[in-house]
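Student: Take a look at the following structure, please.
The values are calculated or read from the model by the stated rules, or taken from the named source; none is laboratory data. Here the structure is a predicted model, which is why all the values come from computation and not from measurement. The protein model used for the area step is the full one, side chains on, heavy atoms only, and it has no ligands, DNA or RNA in it. Shrake-Rupley method; radii C 1.70, N 1.55, O 1.52, S 1.80 Å.
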Amino acid sequence: MTKILVGVDTHGETTPPILTLLQRLDFPDPHLTLITVVPPAQTEGWHLSPLLGAADAERRELKAITHAERRLSELMPNAKHRVLVGKPTAVILDEATKTDAPIVGVNASNRGTLETFFAGSVARAVASAAPQSVLLARPSQKTGPIHAVLATDHSDYAAQCLESLIQLAPQGIAKLSVLTAFPESYADEIAEAALGSAVQEVGQHCQGIVSKLQAHVGTPETVFESHVLPGNARSVLSTFMTSSGADLLILGAKGRGFVERLALGSVSFDQAVGNYPWSVLILRA
């Protein structure tokens, strides 16, 4: 059983990207809790009648809650539903802390109708402060199994994050590319022979990761590959994601409060939650 806490916005008429992405990832035996947040209604006309003003605010808040509950039931009838009142960022983070779900999912976009509660600033806050792994979903026209890229710097923490991915065991991955950037600056620091040996060693380590994942992630038909590419980590990552047409970037992230270090070296926080077309799974050990 995989428990998943999902923050959704109930204002749009289309299915939120996070629910579509979760369906495509196909986690084993998923138990979803859908949560939406209704902002406290502002009291109007209090200067004319404080009592009537408070009653009007309560009426509008109840109407918003009723709409949200109905919308959640329409989106996913078999999931657990929770409608809470408060500031979206604070409520989602509080629920993420309370829950024992290993993963929290939210929309991550700053375009069109998705520029609401569960996009933009809320996604950034959840990605940086939630104690568990975070799935950030961006709109996509693609359907079916996913091409994912796992970026790793082969650190001890990256190894722990790999175990988190193995425990999540998404089955809906058609292709998984293990990617490591090897800074060209290393060539100035070590002899050419030693550099070749180091690259070969990293490549073997990538193959070891592939071997581990094959037994847990995807299906027997899933294609696994590994790449060690020279260059700056950020540029290698962006170029590979774009050229390969991958749907999902998977990164390990240390700490809480700010994602100070992502797998594949020093990749900026914006790389994970900026305006990119691919979705992102941030793993925490």
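Student: Would you kindly state how much longer the chain becomes between V223 and D29 on full extension, computed as 0.36 nm times their sequence separation minus their alpha carbon distance, in nm to one decimal? Walk me through the numbers on the way to the answer.
Tutor: Working: separation 194, 0.36 × 194 = 69.84 nm, distance 2.29 nm.
Full extension from V223 to D29 adds 67.6 nm.
Student: Using a 1.4 angstrom probe on the protein heavy atoms only, could you order R284, R234 from most to least accessible area?
Tutor: Details: R284 15, R234 115 Å².
In descending accessible area the options line up as R234, R284.
Student: Any idea how far the Cα center of region 18-32 sits from the one of region 240-254, in Å?
Tutor: Centre-to-centre (Cα) distance: 18 Å.
Student: Right, another one. Structure shown: which of K175/K212; K87/K142; K98/K212; K3/K212; K80/K175 lie over 26 Å apart, alpha-carbon to alpha-carbon?
Tutor: Numbers: K175/K212 15 Å; K87/K142 32 Å; K98/K212 31 Å; K3/K212 23 Å; K80/K175 31 Å.
Too far apart for the 26 Å limit: K87/K142; K98/K212; K80/K175.
Student: Want the number for R59 to V199: 0.36 nm per residue separation, take away the alpha-carbon distance, what's left?
Tutor: Details: separation 140, 0.36 × 140 = 50.40 nm, distance 6.47 nm.
Extra length available between R59 and V199 comes to 43.9 nm.
Student: Largest first, what is the accessible-area ranking of M76, M241 with a 1.4 Å probe?
Tutor: Working: M76 50, M241 0 Å².
Per-residue accessible area, sorted high to low, gives M76, M241.
Student: Here's something else I'd like to know. Order T152, T242, T89 by their accessible area, 1.4 angstrom probe, all chains in place, largest first.
Tutor: Working: T152 10, T242 100, T89 45 Å².
Of T152, T242, T89, the descending order of accessible area is T242, T89, T152.
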